[in-house]
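Data first, discussion second: the structure below is written as structure tokens.
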Amino acid sequence: MPETPCEPRLKAPSGAVYLEPVEPGLTAEGYVQMLDLAKKRGYTFSTFAEVADASKQIFLRHDLDMSLDVGLRLAELEAREKARSTYFVLLTSPLYNPFSASSRQTLRKIRDLGHDVGLHFDPMVHKVEGKSELFASLDQEVNQLSMVLGEPVRFISFHQPSPWVLGEDIVGDNYESVYNSRFISKMRYISDSTGRWRAESIFELLERDSESHIQFLSHPGLWLSGSGKSLNDRIWHLVDEKQRSIPSQFEEAINSAGRGLTLFDPSHISLRTRNS
Ligand SMILES: [Zn+2]
């Protein structure tokens, strides 16, 4: 997500960055404009399995740090605009559970819209300190997500990796990292992390039209979280959305056996006493 950058832990953003205005154009309308610009420049929207040297390709990548639902909203927008991308899912998020029935449905919908789904892996959760530990935890999570999706996960991205994790290419038995050199140094990599562009914006990059292959990491929650000025405002928008979804999550929990129970808002219930 914009607010917790998936960038390597090279330089931690200061707290103040959350109160600064995000860059202009980071809205749903701006995202559509970005897609239009990519189309105008002749880019094909590709998934990571489709790298072709001869083509002009853009690899749209989304790391879902906070919400699967906001990911689905962007997946729908992209499908309407005839764009394809790859959504990377955390198994260890404190904010969503990819194993729940509703999450499985959400992930299926994202796949059915023509997008790919990969694993977003947080090495810190596993307290990984070496390569063998890294691969053991990766294998485990890749297998678990493959079971949820009903097909093999082929690509992974890292959530806030330590620099050593990115020191060399990560290639497992059936998967590889999109931070590997063929996706980073052989392509132009650009990210919207923390709502700030580095050297130039994706709009400027596409306008300049000098790259044959681009990997663009963007965070759906940043582009689809209202019009708040700062990251802080946009996070609060997501917090409000989350809060509104909590009753239905409780209903899902109590209705797992199909008992048809509905949760009522206590402020709208007047209990009758025996004598009334
Ligand atoms: Zn992340």
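Remarks
- Legend: calculated FRET efficiency, Phe135 to Ala52, from the Cβ-Cβ distance at R0 = 30 Å, rounded to 0.05, equals 0.55.
- The Cβ shell under 14 Å around Phe155 holds other residues with a net charge of -3, Lys and Arg each +1, Asp and Glu each -1.
- Since only Ala28, Ala199, Ser55 are under comparison, the one whose Cα sits farthest along the positive direction of the charge dipole of the chain, derived from C-beta charges on Lys, Arg, Asp and Glu, is Ala28.
- Taking 0.36 nm per residue of sequence separation and removing the Cα-Cα distance, the Ser256/Ser162 pair yields an extension gain of 29.9 nm.
- Residue order, fewest to most beta carbons within 10 Å, for Ile58, Ile184: Ile184, Ile58
- Cα gyration tensor shape for segment 97-240, rounded if a/c is under 1.5, else prolate or oblate: oblate
- Between Thr92 and any residue 5 or more places off or on another chain, the built amide H atoms are never under 5 Å apart.
- For a modelled paramagnetic label at Met147, 7 Å from Cα along Cα-to-Cβ, the residues of segment 95-114 in reach, with backbone nitrogen under 18 Å, are 97-105, 107-108.
- Amide H contacts for Phe155 (H built 1.01 Å from N in the peptide plane; partners 5 or more residues away or on another chain; cut-off under 5 Å): Leu119, Glu176.
- Electrostatic dipole magnitude of the chain [Cβ: Lys, Arg +1; Asp, Glu -1; Cα centre; debye, to 20]: 560 debye
Only the coordinates and a few stated rules stand behind these numbers; no lab work does. Values in this document were obtained by computation on a predicted structure and should not be read as measured data. Here the Cβ is made from the backbone with ideal geometry for all residues, glycine too, and neighbour counts use every protein chain on show.
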